[in-house]
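Quick notes on the structure that follows.
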Amino acid sequence: MAAVAVTASPLDLQALIEDISRTSTADGAIASFVGLVREENQGRRVSYLEYEAYEPLAVRALQLIIDEARETWSDTRIGVHHRIGRLELGEASIIIVATSPHRAHAFAACRYTIERVKQIVPIWKHEHFEGGDVWLEGATANPDDEAAREAARRIACA
Amino acid sequence: MRVTVRLFARLRDLAGSGELVRDVANPATVETVWRSLVDEMPDLRAYERTMSVAVNADYAKMSAKVHEGDEVAFLPPVSGG
């Protein structure tokens, strides 16, 4: 299993944990994050989400984020899988696993990764809700925006 | 010269297609490709200030040179996670 993936298949957290942690016995901590499809967004009753990606660039951006995280927390190993296509309420849209000898680095690398995903990975949510649909638009993706990167690092260390 | 244009999310909806093939004069930049697209589909202009661009699946600037056969992508603000 690749550390980085953009896939239409359901995500498997346990498999990713085993894959990321199996190569080392030096780790003392694994932090994980699972993003879910929520029933409410900005006052709308969500029916389901459709995720679209520019896949080759999304994979590159995810790998870049892992490389960035390891510049700051060099003893971590990180895996991140993002799902695309139609997702029902309660399904996982993203899973992130970060391992480290120490919990502080595992938590920080995990948090940094999700914050950066929301900043620079070319994936979009098409929200279908009761009464309509809307493309959600968040950040203008710019991997060279140092202020955004610093903001993600600050949140990760908060 | 011929380039492939990729559009995503609402930009794709506005254009009615996620993949277009267009001829542009050589030499060209990403900006040249964008201008010709906006001439054709003025609704796209709303994204000019907020979109990102990529050439051959790598983030690029509007001033980046474009070559025959390149894939030029225009990306609305992202909302993954």
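Does at least one position in region A:55-74 carry a residue that is closer than 28 Å to A:Ser9 by Cβ, hydrophobic (A, V, I, L, M, F, W, C), facing another protein chain (nearest Cβ under 10 Å) and loosely packed, with under 15 Cβ neighbours inside 10 Å? The answer is no; no qualifying residue exists.
Look at region B:64-81 and say how many of its residues are part of a strand (DSSP E or B) and buried (at least 21 other Cβ atoms within 10 Å of the Cβ). Quick ask: steps written out before the conclusion?
Pass one, region B:64-81, residues part of a strand (DSSP E or B): B:65-66, B:71-75, B:78.
Adding the requirement that they be buried (at least 21 other Cβ atoms within 10 Å of the Cβ) leaves B:66, B:72-75, B:78.
Counting residues in region B:64-81 that are part of a strand (DSSP E or B) and buried (at least 21 other Cβ atoms within 10 Å of the Cβ) gives 6.
Listed here are the strands (runs of 3 or more DSSP E) enclosed by region B:1-57 that have at least 3 residues being at pLDDT 95 or above and either on the phi > 0 side of the Ramachandran plot or among the basic types (Lys, Arg) (or both), and there are none. Listed by first and then second residue, the pairs linking a residue in region A:116-140 that is at negative phi and more than 7 Å from every other protein chain (Cβ to nearest Cβ) to a residue that is among the hydroxyl-bearing types (Ser, Thr, Tyr) and surrounded by fewer than 17 Cβ atoms within 10 Å (Cβ to Cβ), with Cβ atoms under 8 Å apart and 6 or more places separating them unless they lie on different chains, are A:His128/A:Ser47; A:His128/A:Tyr48; A:Phe129/A:Ser47; A:Glu130/A:Ser47. Screening A:Ala92 on (1) within 14 Å of chain B (Cβ to nearest Cβ); (2) touching a helix residue (DSSP H, G or I) at 6+ places or on another chain (Cβ under 7 Å) shows it passes everything except condition (2).
Looking across region B:26-48 at every residue that is more than 20 Å from A:Ile123 (Cα to Cα) and free of Cβ contacts under 8 Å to residues at least 24 places away in the same chain, the one that is nearest to the other protein chains (Cβ to nearest Cβ) is identified as B:Arg45. Residues that are among the aromatic types (Phe, Trp, Tyr) and farther than 20 Å from A:Glu39 by Cβ do not occur anywhere in region A:127-147.
The values are calculated or read from the model by the stated rules, or taken from the named source; none is laboratory data. None of these values were measured; they are calculated from a predicted model. Cβ atoms come from the backbone with ideal geometry, glycine included; neighbour counts cover every protein chain shown.
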